[in-house]
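Note sheet for the following structure.
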Amino acid sequence: MKLVTFSTGSAARVGVVSADGDAVHDVQELLPPGAAMLDVIGAWDTLGPVLRERSAELTSVPLASVELLAPVPEPRRNIWCVGKNYRDHAVEFGRSGYDTPSRSEALPERPIMFSKATTAVTGPGALVDPGPTTELDYEGELTVIIGTGGRGISREDAYRHVWGYTIINDVTARDLQKLHRQWFLGKSLDGFCPMGPYLVTADELDADDIDVRCWVNGELRQDSNSKLLIFDIPTLIETISAGIELQPGDVIATGTPAGVGIGFNPPKFLQSGDVVRMEIRNIGILENEVF
Ligand code: MG
(Lines give C-alpha, C1' and ligand atoms only; values in the text may rest on other atoms or scores of the structure.)
Protein backbone atom coordinates (compact mmCIF):
# COMPACT_ATOMS: atom_id res chain seq x y z
CA MET A 1 0.00 0.00 0.00
CA LYS A 2 1.16 3.52 -0.84
CA LEU A 3 0.14 6.35 1.47
CA VAL A 4 0.40 10.08 0.92
CA THR A 5 -0.16 13.27 2.79
CA PHE A 6 -1.85 15.66 0.41
CA SER A 7 -3.67 18.93 0.17
CA THR A 8 -6.42 20.15 -2.11
CA GLY A 9 -6.06 23.67 -0.87
CA SER A 10 -7.15 23.28 2.73
CA ALA A 11 -5.73 21.20 5.56
CA ALA A 12 -3.35 18.29 5.03
CA ARG A 13 -5.09 14.94 4.56
CA VAL A 14 -4.04 11.30 4.50
CA GLY A 15 -4.64 9.38 1.30
CA VAL A 16 -4.08 5.95 -0.19
CA VAL A 17 -2.85 5.73 -3.77
CA SER A 18 -5.16 3.76 -6.07
CA ALA A 19 -4.15 0.39 -7.48
CA ASP A 20 -3.43 1.90 -10.90
CA GLY A 21 -1.29 4.61 -9.34
CA ASP A 22 -3.20 7.46 -10.96
CA ALA A 23 -5.51 8.58 -8.17
CA VAL A 24 -5.61 9.12 -4.44
CA HIS A 25 -8.41 7.96 -2.16
CA ASP A 26 -9.06 10.40 0.68
CA VAL A 27 -9.19 8.04 3.69
CA GLN A 28 -9.57 10.66 6.38
CA GLU A 29 -13.11 9.45 7.22
CA LEU A 30 -11.72 6.02 8.15
CA LEU A 31 -9.34 7.57 10.69
CA PRO A 32 -9.84 9.10 14.14
CA PRO A 33 -10.72 12.83 13.95
CA GLY A 34 -7.72 14.94 13.04
CA ALA A 35 -5.41 11.95 12.50
CA ALA A 36 -2.21 12.58 10.54
CA MET A 37 0.27 10.11 9.05
CA LEU A 38 2.12 9.60 12.35
CA ASP A 39 -1.14 8.62 14.03
CA VAL A 40 -1.84 6.15 11.22
CA ILE A 41 1.58 4.52 11.60
CA GLY A 42 1.23 4.44 15.39
CA ALA A 43 -2.13 2.63 15.20
CA TRP A 44 -1.28 0.51 12.15
CA ASP A 45 -2.30 -2.81 13.71
CA THR A 46 -5.85 -1.46 13.86
CA LEU A 47 -5.94 0.95 10.93
CA GLY A 48 -3.88 -1.00 8.41
CA PRO A 49 -6.52 -3.70 7.80
CA VAL A 50 -9.26 -1.06 7.59
CA LEU A 51 -7.36 0.92 4.97
CA ARG A 52 -6.55 -2.23 3.00
CA GLU A 53 -10.20 -3.30 2.87
CA ARG A 54 -12.03 -0.03 2.46
CA SER A 55 -9.80 2.59 0.76
CA ALA A 56 -10.82 1.60 -2.76
CA GLU A 57 -14.52 2.19 -1.92
CA LEU A 58 -13.89 5.84 -1.16
CA THR A 59 -14.02 8.63 -3.67
CA SER A 60 -10.77 9.44 -5.37
CA VAL A 61 -9.22 12.42 -7.10
CA PRO A 62 -6.51 12.35 -9.77
CA LEU A 63 -3.04 12.37 -8.21
CA ALA A 64 -2.04 15.06 -10.67
CA SER A 65 -4.71 17.37 -9.25
CA VAL A 66 -3.53 17.40 -5.63
CA GLU A 67 -0.52 18.89 -3.91
CA LEU A 68 1.61 16.16 -2.38
CA LEU A 69 3.19 17.18 0.91
CA ALA A 70 6.01 15.29 2.59
CA PRO A 71 4.33 12.02 3.63
CA VAL A 72 5.50 12.66 7.21
CA PRO A 73 5.29 16.47 7.13
CA GLU A 74 6.18 16.99 10.78
CA PRO A 75 8.28 14.15 12.22
CA ARG A 76 8.26 13.98 16.03
CA ARG A 77 12.00 14.23 16.15
CA ASN A 78 15.02 14.66 13.95
CA ILE A 79 15.60 12.52 10.89
CA TRP A 80 18.20 9.82 11.60
CA CYS A 81 20.98 9.89 9.00
CA VAL A 82 24.08 7.87 8.20
CA GLY A 83 27.30 9.25 6.74
CA LYS A 84 29.49 7.40 4.25
CA ASN A 85 27.38 4.24 4.10
CA TYR A 86 28.30 3.19 0.53
CA ARG A 87 31.92 2.29 -0.26
CA ASP A 88 32.14 4.31 -3.44
CA HIS A 89 30.66 7.38 -1.74
CA ALA A 90 33.02 7.06 1.24
CA VAL A 91 35.90 7.14 -1.23
CA GLU A 92 34.60 10.13 -3.23
CA PHE A 93 33.86 12.04 -0.02
CA GLY A 94 37.34 11.32 1.36
CA ARG A 95 38.98 12.49 -1.87
CA SER A 96 36.89 15.65 -2.06
CA GLY A 97 38.53 17.34 0.92
CA TYR A 98 35.11 18.19 2.37
CA ASP A 99 35.26 15.54 5.09
CA THR A 100 37.18 17.72 7.52
CA PRO A 101 39.43 17.41 9.32
CA SER A 102 40.51 14.18 7.66
CA ARG A 103 40.99 13.39 3.99
CA SER A 104 40.61 9.71 4.58
CA GLU A 105 39.16 7.33 2.02
CA ALA A 106 39.03 4.65 4.71
CA LEU A 107 35.66 3.01 5.27
CA PRO A 108 33.95 3.63 8.61
CA GLU A 109 34.18 0.84 11.15
CA ARG A 110 30.89 1.81 12.79
CA PRO A 111 27.90 3.70 11.37
CA ILE A 112 28.47 7.47 11.38
CA MET A 113 25.19 8.82 12.77
CA PHE A 114 23.95 12.38 12.54
CA SER A 115 20.55 14.02 12.15
CA LYS A 116 18.59 16.60 10.22
CA ALA A 117 16.18 18.99 11.93
CA THR A 118 12.49 18.16 11.55
CA THR A 119 11.95 21.66 10.19
CA ALA A 120 14.07 20.81 7.13
CA VAL A 121 11.37 18.45 5.85
CA THR A 122 9.58 19.52 2.70
CA GLY A 123 7.47 17.88 0.03
CA PRO A 124 7.83 16.54 -3.50
CA GLY A 125 7.90 19.41 -5.94
CA ALA A 126 8.87 21.99 -3.32
CA LEU A 127 11.54 24.49 -4.31
CA VAL A 128 14.83 24.08 -2.45
CA ASP A 129 16.14 27.48 -1.36
CA PRO A 130 19.95 27.40 -0.97
CA GLY A 131 19.84 30.15 1.67
CA PRO A 132 23.38 31.08 2.72
CA THR A 133 25.21 28.26 0.94
CA THR A 134 27.04 28.58 -2.36
CA GLU A 135 27.88 24.87 -2.41
CA LEU A 136 24.51 23.13 -2.62
CA ASP A 137 24.58 19.35 -3.04
CA TYR A 138 22.10 16.47 -3.27
CA GLU A 139 22.07 12.94 -1.81
CA GLY A 140 19.45 10.39 -2.85
CA GLU A 141 18.62 7.94 -0.07
CA LEU A 142 16.43 4.93 0.60
CA THR A 143 14.67 5.80 3.83
CA VAL A 144 13.14 3.59 6.51
CA ILE A 145 9.98 4.38 8.48
CA ILE A 146 9.80 2.69 11.87
CA GLY A 147 6.50 1.06 12.88
CA THR A 148 6.73 -0.65 16.23
CA GLY A 149 9.21 1.17 18.45
CA GLY A 150 11.68 -0.44 20.76
CA ARG A 151 15.02 -0.38 22.56
CA GLY A 152 17.72 -2.99 22.28
CA ILE A 153 16.40 -4.34 18.97
CA SER A 154 18.58 -7.15 17.56
CA ARG A 155 19.53 -7.50 13.89
CA GLU A 156 17.36 -10.59 13.72
CA ASP A 157 14.28 -8.72 14.92
CA ALA A 158 14.96 -5.44 13.10
CA TYR A 159 12.62 -5.87 10.14
CA ARG A 160 9.69 -6.52 12.46
CA HIS A 161 10.08 -2.87 13.48
CA VAL A 162 10.10 -1.50 9.92
CA TRP A 163 6.74 -0.10 8.86
CA GLY A 164 7.78 0.96 5.37
CA TYR A 165 9.94 3.13 3.17
CA THR A 166 10.23 6.43 1.35
CA ILE A 167 12.87 8.53 -0.43
CA ILE A 168 14.78 11.46 1.06
CA ASN A 169 17.02 13.95 -0.65
CA ASP A 170 19.64 14.66 2.04
CA VAL A 171 20.32 18.15 0.69
CA THR A 172 23.65 19.43 1.98
CA ALA A 173 25.42 22.78 2.22
CA ARG A 174 28.97 21.51 1.65
CA ASP A 175 30.60 24.78 2.71
CA LEU A 176 28.78 24.73 6.05
CA GLN A 177 29.53 21.04 6.48
CA LYS A 178 33.23 21.73 5.97
CA LEU A 179 33.63 25.06 7.77
CA HIS A 180 31.71 24.05 10.90
CA ARG A 181 33.34 20.63 11.16
CA GLN A 182 30.13 18.74 11.75
CA TRP A 183 27.18 17.72 9.62
CA PHE A 184 24.07 18.97 11.42
CA LEU A 185 24.12 22.62 10.45
CA GLY A 186 24.78 22.15 6.74
CA LYS A 187 22.08 19.48 6.44
CA SER A 188 19.31 21.10 8.48
CA LEU A 189 18.61 24.32 6.62
CA ASP A 190 14.93 24.97 6.04
CA GLY A 191 13.70 22.85 3.14
CA PHE A 192 16.86 20.70 2.99
CA CYS A 193 14.95 17.44 3.46
CA PRO A 194 12.60 16.76 0.54
CA MET A 195 10.68 13.54 1.31
CA GLY A 196 8.32 11.37 -0.69
CA PRO A 197 6.42 11.08 -2.87
CA TYR A 198 4.82 8.18 -0.96
CA LEU A 199 5.24 5.98 2.06
CA VAL A 200 5.27 2.40 0.87
CA THR A 201 4.48 -0.42 3.26
CA ALA A 202 7.30 -2.86 3.89
CA ASP A 203 5.58 -5.75 2.08
CA GLU A 204 5.97 -3.96 -1.27
CA LEU A 205 9.76 -3.62 -1.23
CA ASP A 206 12.85 -5.80 -0.90
CA ALA A 207 14.90 -3.15 0.86
CA ASP A 208 18.06 -5.28 0.81
CA ASP A 209 18.17 -5.25 -2.99
CA ILE A 210 16.64 -2.14 -4.50
CA ASP A 211 18.06 0.32 -7.04
CA VAL A 212 18.67 3.90 -5.90
CA ARG A 213 19.01 6.43 -8.74
CA CYS A 214 19.32 10.18 -9.04
CA TRP A 215 19.38 12.54 -12.01
CA VAL A 216 20.22 16.24 -12.21
CA ASN A 217 18.63 17.97 -15.20
CA GLY A 218 18.18 14.55 -16.80
CA GLU A 219 21.82 13.47 -16.33
CA LEU A 220 22.14 10.23 -14.36
CA ARG A 221 24.40 11.02 -11.41
CA GLN A 222 23.73 8.27 -8.86
CA ASP A 223 23.04 4.66 -9.83
CA SER A 224 23.47 2.09 -7.10
CA ASN A 225 21.67 -0.58 -5.10
CA SER A 226 20.91 -0.97 -1.42
CA LYS A 227 22.74 -4.30 -1.32
CA LEU A 228 25.92 -2.20 -1.42
CA LEU A 229 25.20 -0.50 1.92
CA ILE A 230 28.19 -0.87 4.25
CA PHE A 231 25.85 -1.03 7.26
CA ASP A 232 22.54 -2.61 6.31
CA ILE A 233 19.14 -1.65 7.69
CA PRO A 234 19.17 -4.23 10.55
CA THR A 235 22.60 -2.96 11.63
CA LEU A 236 21.39 0.64 11.67
CA ILE A 237 18.33 -0.27 13.74
CA GLU A 238 20.41 -2.32 16.16
CA THR A 239 22.97 0.49 16.48
CA ILE A 240 20.48 3.29 17.17
CA SER A 241 18.17 1.31 19.43
CA ALA A 242 21.02 -0.01 21.58
CA GLY A 243 20.75 3.12 23.70
CA ILE A 244 17.90 5.18 22.25
CA GLU A 245 14.34 3.92 22.06
CA LEU A 246 13.07 3.99 18.49
CA GLN A 247 9.56 5.37 18.17
CA PRO A 248 6.74 4.72 15.69
CA GLY A 249 7.16 7.07 12.75
CA ASP A 250 10.90 7.55 13.22
CA VAL A 251 12.60 8.25 9.90
CA ILE A 252 16.01 6.72 9.09
CA ALA A 253 17.77 7.81 5.89
CA THR A 254 20.21 5.02 5.09
CA GLY A 255 22.95 7.00 3.33
CA THR A 256 23.78 7.98 -0.23
CA PRO A 257 25.79 6.23 -2.94
CA ALA A 258 28.51 7.81 -5.12
CA GLY A 259 27.73 10.51 -7.64
CA VAL A 260 26.99 13.52 -5.44
CA GLY A 261 28.22 16.94 -6.58
CA ILE A 262 31.50 16.83 -4.65
CA GLY A 263 32.25 13.45 -6.20
CA PHE A 264 33.19 15.30 -9.40
CA ASN A 265 36.37 17.28 -10.04
CA PRO A 266 35.64 20.13 -10.14
CA PRO A 267 32.53 19.69 -7.98
CA LYS A 268 29.12 20.01 -9.65
CA PHE A 269 27.15 22.08 -7.17
CA LEU A 270 23.46 22.72 -7.76
CA GLN A 271 22.45 26.01 -9.34
CA SER A 272 19.18 27.91 -9.49
CA GLY A 273 16.75 26.12 -11.81
CA ASP A 274 18.43 22.71 -11.54
CA VAL A 275 16.00 19.82 -11.17
CA VAL A 276 16.96 16.90 -8.96
CA ARG A 277 15.03 13.69 -9.59
CA MET A 278 15.34 10.62 -7.42
CA GLU A 279 13.77 7.27 -8.14
CA ILE A 280 13.45 4.04 -6.20
CA ARG A 281 11.35 1.35 -7.84
CA ASN A 282 8.10 0.67 -5.98
CA ILE A 283 8.39 3.95 -4.09
CA GLY A 284 8.24 6.47 -6.88
CA ILE A 285 9.92 9.65 -8.03
CA LEU A 286 10.94 12.53 -5.79
CA GLU A 287 11.63 15.65 -7.81
CA ASN A 288 12.62 19.10 -6.57
CA GLU A 289 13.91 22.22 -8.27
CA VAL A 290 16.48 24.62 -6.87
CA PHE A 291 15.14 28.10 -6.23
MG1 MG B 1 23.25 11.60 3.38
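What the table below lists for this structure:
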| item | result |
| --- | --- |
| Cα shape, the range 85-153, gyration tensor, a/c 1.5 rule | oblate |
| Cα-Cα separations in the range 239-287 greater than 11 Å, expressed as whole percent | 81 |
| Quotient of Cα Rg and 2.2 N^0.38 Å for the range 202-291, N being how many residues it contains | 1.26 |
| Taking the range 86-170 and dividing mean pair separation by its residue count, relative contact order in percent (alpha carbons under 8 Å, at least six apart) | 21 |
| Residues of the range 148-265: accessible area per residue with a 1.4 Å probe, Å² | 37 |
| Gain on full stretching of the segment that runs from Arg155 to Phe264 - 0.36 nm per residue minus C-alpha separation | 35.7 nm |
| Helix-derived mean residue ellipticity, 222 nm - over the chain, DSSP H n ≥ 4, -39500 (n - 2.57), to 500 | -4000 deg cm²/dmol |
| Average Cα contact separation per residue, the chain, under 8 Å, 6 or more apart, as relative contact order % | 23 |
| Inter-site label distance for Glu109 and Asp208 at 7 Å from Cα along Cβ, in nm | 2.7 |
| Approximate spin-label separation Met1-Glu53, in nm, with each point projected 7 Å along Cα-to-Cβ | 1.1 |
| Label-to-label distance, nm, for residues given as Arg87 and Asn217 (7 Å Cα→Cβ offset) | 3.3 |
| Efficiency of FRET from Cβ geometry, Gln247 and Glu67, R₀ 22 Å, rounded to 0.05 | 0.20 |
| Residue among Gly42, Gly249, Gly140 with the largest mean-square fluctuation in a Gaussian network model of the chain, springs linking Cα atoms under 10 Å | Gly42 |
| Carbon and sulfur %, accessible surface of the chain computed with the full protein complex present, 1.4 Å | 49 |
| Whether the range 45-194 is rounded, prolate or oblate, judged on the alpha carbon gyration tensor where a/c under 1.5 counts as rounded | oblate |
| Whether the range 1-121 is rounded, prolate or oblate, judged on the alpha carbon gyration tensor where a/c under 1.5 counts as rounded | prolate |
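The values are calculated or read from the model by the stated rules, or taken from the named source; none is laboratory data. None of the values given here were measured: they were computed from a predicted structure. Using ideal geometry, Cβ is built from the backbone for each residue, glycine included, and neighbour counts are taken over all protein chains shown. Heads up: the accessible areas ignore ligands, DNA and RNA and are worked out on the full protein's heavy atoms, side chains in. Shrake-Rupley method; radii C 1.70, N 1.55, O 1.52, S 1.80 Å.
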